[in-house]
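Coordinate-derived values only; no laboratory data. All values reported here derive from a predicted model rather than from experimental measurement. All Cβ positions, glycine included, derive from the backbone under ideal geometry; neighbour counts span all protein chains shown.
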Amino acid sequence: MSEFQIKKSPTVYDAIVVGSGAGGGMAAYVLANAGQKVLMLEAGQYFDPKLDAHQLKWPWESPRRGAGTVRPFGDFDASYGGWELDGEPYTKKDKTEFEWFRSRMLGGRTNHWGRISLRMGPHDFKCKDGLTDDWPITYDDLKPFYDKVDRMIGIYGTVEGLENEPDGIFMKPPKPRLNELFIKKGAEKAGVKVITGRGAVLTESIKGNNDRAPCFYCGQCGRSCKVYGDFSASSCLVIPAVKTGNLTVITDAMVREVITDKDGTAKGVSYVNRRDLQEYQVNARLVILGASACESARILLNSKSPQHPAGLANSSGVVGKYLHDSTGASVSGFLPQLMDRKRYNEDGVGSVHIYSPWWLDNKKLNFPRGYHIEYGGGMGMPSYGFGSGVPVMNGMVPDRNGKMKDAGGYGASLKDDYRRFYGTGVGMAGRGTAIARADNYCEIDPDVVDKYGIPVLRFHYKWAQEEINQAKHMQETFLSIMKEMGAVVTSKIQGRETNYGLEAPGKIIHEVGTIRMGDDPKKSALNKYCQAHDCKNLFVVDAAPFVQQGDKNATWTILALSMRTAEYILAQKKKQNI
Amino acid sequence: MNRRDSIKALGLTAISTSVLIDACKPSETKTGTSTPEETTKEAGREHWEIERDKELHSETFFTSHEMATITVLADIIIPKDDVSGSASEAKVPEFIEFIVKDIPEHKIPMRGGLKWLDLQCLNRYQKPFVEASAKEQIAMIDEIAYPQKAKPEMKPGVTFFNRMRNLTASGFYTSKIGVKDIGYAGNAPNQWQGVPDEVLKQYGMQDVKI
């Protein structure tokens, strides 16, 4: 007998969920709590922030002092994964610069994200400029689910009453840091609105939740939180769902494809175990994909059958298309007024204390939609790269005796400068709406497979002039804020030759849109409940169903959509429709 | 769960920074769920990361002469003063030995830069940098430590010294000595109450509201 065989499990689950991030985690949580028997497949390894977080470690506990050599966001960052995974390539064509970040771990990328949790607004779902397709749902359809997510997971913020920046059910926000007060003053002079941030960090306890404790202000959400004080899908959704006894999680399960019956309905999933490299097949009454926008598209496109020749749920041909990531550009520098500042602990929370929601009317601008601004700086924990700006900055401002000196140096005077400049840093970054376009897409590369033999994704993506214009506007705004606050800019001044510092698509890690929702099965893959038009027992719950992103970070909308889909599934099951 | 419970959840009875930090050290993390062959693995690290670190630690890149030169340079850049010790006391040379293996782009510029420096000193003083007198060493460094006023022929030295200076700062300020020196006051459980009043007053920010 050949050693090569597919291990088939006789169990038929109520649902298989592929992926354990925000979308998969929420769907599994809702279904398992409703008594459904759920199997979750996660491509990465087990991760529990309580045990695995590098929270509260000091820089010297890393031999590379926190450098990003093996982890792109530093040695203490929670992510297992990055822009490149060993043996799991992706390709690009037509000079595309798309970068794809994958976390292979329970909870996925939610273990290390910025916890910035913004709702999309009414005009993000139904646009006013007619430029993009409307979502098949409105803000009002999703609002009750945003509300439930707020209550269940916890979010801080302030009620502002802004039209397209809907308020949530907020806990008390963290107080601003010193450099943030300078930003507020400077930005206002520059005509830019600054409000309190909105983050998925517990500044208060949640009544009745004994598994999670409030934030103790170490500012290290990116390392994930041992007391579950912030939102990670691992700590807040998957691990609690396992405790119901209704959710089984298999880690290191890299899904190849969704298997369909002769009638075209989904009957299960095949996967390869990353550890033993054995092939497995598991069955369920329905399949829910939450593998990430691009990975879910990849699975569907690789799930070809006589009933679904173009890939599952792809009779419209839209799967993979309309890929879009937020735009991003930034400026940084320092505040000379803060030299020799008093030392105290200002770690605060690991999400944003303040931000600028989009504040302008597009009628007078040469780009549609807008962007929000995130701010940073202050007396952070030293890590690799610390002080590298000092031998430049010390030539830009007078020394202790009021005299200008040459940049650079060494010895006692340089050592004094490192102290003088500590905590003076300030920076800002824009995160803007990119327009969903059919010609920005991922597809299956016909020539390349990964080490498991699974055909890989090939990306095609070009920024349009509108997005470049938006980046130019960001740069001008940032420089004006920096000027008004009396800051010295040290980052490179970006011009037309670098698209005004516009980051390559994918770099902001907000990629969405590859399996879009819509009422018309010819133009969309999913209906308004994220159910495949072509396959009634197949659902998608990550960021792939997004028709058009706003400038808002995607996670809170993924959570609300996934919860809505899971509740729809329960209602349909009750009616015996699926 | 309230904060006291959260501290209990970490296995503690009182808020104590050092205790809490100890509790978060991987060696003391009792998972109770790990399989026997995994009990020695570091929590929160992938297997390949641990193997890679082991391998890097087993290699040696710099020669003893190069390490001696790096040590002198590091202590010229960050000497002992009233506040804290020197770069070598903070084990900066050892950090540099590790980081060039971890980030191999540093290897050639560091090795070549050290060689460039020795050759300059051989031509000037008929001896390598480490054997030159303190006065001679400083005269040499003065020519490469100020990028804007350095002579064009000193450019390779300037580029090398920029890198050496940055690696020294990285190594020093991420050490216990350096973190204390710079005055970083965080990485401890606390209640963030905003900017202290006297600091608000100092910068005239009492009335700024977000």
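Structure data summary
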{"item": "Top-ranked residue in the range A:375-385 [being buried (at least 21 other Cβ atoms within 10 Å of the Cβ) and under 16 Å from A:I481 (Cβ atoms); ranked as nearest to the other protein chains (Cβ to nearest Cβ)]", "result": "A:Y375"}
{"item": "The lone exception for B:I50 - which of (1) without any contact (Cβ under 8 Å) to a residue 12 or more places away in the chain; (2) at the interface with another protein chain (Cβ under 10 Å from one of its Cβ atoms); (3) aliphatic (A, V, I, L, M) it fails", "result": "(2)"}
{"item": "Subset of the range A:391-434 (residues that are under 30 Å from A:Y355 (Cα atoms), facing another protein chain (nearest Cβ under 7 Å) and in contact with a Lys or Arg (Cβ under 9 Å, 6 or more places away or on another chain))", "result": "A:Y422"}
{"item": "Options A:I558, A:I481, A:I468: the member that is outside any loop (DSSP other than H, G, I, E, B) and under 19 Å from A:M26 (Cα atoms)", "result": "A:I558"}
{"item": "Counted residues, the range B:99-113 - those being more than 10 Å from chain A (Cβ to nearest Cβ) and closer than 23 Å to A:V390 by Cα", "result": "6"}
{"item": "Condition check for B:I99: in contact (Cβ under 8 Å) with a residue 40 or more places away in the chain and among the aliphatic types (A, V, I, L, M)", "result": "yes"}
{"item": "Test: residue in the range A:390-413 that is of a type in the set (D, E) and over 17 Å from A:V489 (Cα atoms)", "result": "yes"}
{"item": "Leading residue by the ranking (farthest from A:L414 (Cα to Cα)) among those in the range B:74-98 that are within 9 Å of chain A (Cβ to nearest Cβ) and part of a helix (DSSP H, G or I)", "result": "B:F98"}
{"item": "Counted residues, the range A:129-163 - those being more than 14 Å from chain B (Cβ to nearest Cβ) and either assigned to a helix (DSSP H, G or I) or more than 23 Å from A:C530 (Cβ to Cβ) (or both)", "result": "21"}
{"item": "Subset of the range A:29-57 (residues that are in a helix (DSSP H, G or I) and within 13 Å of chain B (Cβ to nearest Cβ))", "result": "A:P49, A:K50, A:L51, A:D52"}
{"item": "From the options A:V272, A:V238, A:V255, A:V227, residue that is within 24 Å of A:D450 (Cβ to Cβ) and in contact with a helix residue (DSSP H, G or I) (Cβ under 8 Å, 6 or more places away or on another chain)", "result": "A:V255"}
{"item": "Residue tally, condition within 13 Å of chain B (Cβ to nearest Cβ) and touching a Lys or Arg at 6+ places or on another chain (Cβ under 9 Å), over the range A:164-180", "result": "3"}
{"item": "Single condition A:E42 does not satisfy, out of (1) acidic (D, E); (2) in contact with a Ser or Thr (Cβ under 6 Å, 6 or more places away or on another chain); (3) within 14 Å of A:T244 (Cβ to Cβ)", "result": "(3)"}
{"item": "Residue selected from the range A:30-66 under the condition in contact with a helix residue (DSSP H, G or I) (Cβ under 7 Å, 6 or more places away or on another chain) and among the small types (G, A, S), by the criterion surrounded by the most Cβ atoms within 10 Å (Cβ to Cβ)", "result": "A:A53"}
{"item": "Any chance B:V199 is within 20 Å of the chain's Cα centre (by Cα), facing another protein chain (nearest Cβ under 7 Å), aliphatic (A, V, I, L, M) and assigned to a helix (DSSP H, G or I)", "result": "no"}
{"item": "Any hit, the range A:395-402, residues being of a type in the set (D, E, K, R) and surrounded by fewer than 22 Cβ atoms within 10 Å (Cβ to Cβ)", "result": "yes"}
{"item": "Sole exception among (1) crowded, with 21+ Cβ neighbours inside 10 Å; (2) within 8 Å of chain B (Cβ to nearest Cβ); (3) in contact with a Pro (Cβ under 8 Å, 6 or more places away or on another chain); (4) touching a residue at least 24 places away in the same chain (Cβ under 8 Å) for A:L202, by number", "result": "(2)"}
{"item": "The range B:46-73, residues that are part of a helix (DSSP H, G or I) and among the hydroxyl-bearing types (S, T, Y)", "result": "B:S58, B:S64, B:T69, B:T71"}
{"item": "Qualifying residue in the range A:7-18 (condition: assigned to a loop (DSSP other than H, G, I, E, B) and surrounded by fewer than 20 Cβ atoms within 10 Å (Cβ to Cβ))", "result": "no"}
{"item": "Which listed residue, of B:I103, B:I99, is under 17 Å from A:G66 (Cα atoms), surrounded by fewer than 19 Cβ atoms within 10 Å (Cβ to Cβ) and among the β-branched types (V, I, T)", "result": "B:I103"}
{"item": "Among the candidates B:A139, B:A150, residue that is out of contact with any strand residue (DSSP E or B) (no Cβ under 7 Å at 6 or more places or on another chain), more than 7 Å from chain A (Cβ to nearest Cβ), over 30 Å from A:G219 (Cβ atoms) and in a loop (DSSP other than H, G, I, E, B)", "result": "B:A150"}
{"item": "Any chance B:S133 is under 27 Å from the mean Cα position of the chain (by Cα) and within 24 Å of A:K415 (Cβ to Cβ)", "result": "no"}
{"item": "Hey, B:M110 within 17 Å of the chain's Cα centre (by Cα), surrounded by 19 or more Cβ atoms within 10 Å (Cβ to Cβ) and assigned to a helix (DSSP H, G or I) or not", "result": "yes"}
{"item": "Strands (runs of 3 or more DSSP E) wholly inside the range A:234-288 containing at least 2 residues that are farther than 27 Å from B:G44 by Cβ", "result": "A:253-260, A:266-273"}
{"item": "Flag for A:P240 being within 14 Å of chain B (Cβ to nearest Cβ) and in contact (Cβ under 8 Å) with a residue 40 or more places away in the chain", "result": "yes"}
{"item": "Residues located in the range B:176-210, provided they are among the charged types (D, E, K, R) and surrounded by fewer than 17 Cβ atoms within 10 Å (Cβ to Cβ)", "result": "B:K176, B:K180, B:D197, B:E198, B:K201, B:D207, B:K209"}
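For every residue, the table says whether it meets (1) surrounded by fewer than 18 Cβ atoms within 10 Å (Cβ to Cβ); (2) in contact with a strand residue (DSSP E or B) (Cβ under 9 Å, 6 or more places away or on another chain); (3) more than 30 Å from A:K483 (Cα to Cα); (4) of a type outside the set (K, R).
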site: A:V194; (1), (2), (3), (4): no, yes, no, yes
site: A:G208; (1), (2), (3), (4): yes, no, yes, yes
site: A:D211; (1), (2), (3), (4): yes, no, yes, yes
site: A:F216; (1), (2), (3), (4): no, no, yes, yes
site: A:G219; (1), (2), (3), (4): no, no, no, yes
site: A:R223; (1), (2), (3), (4): no, no, yes, no
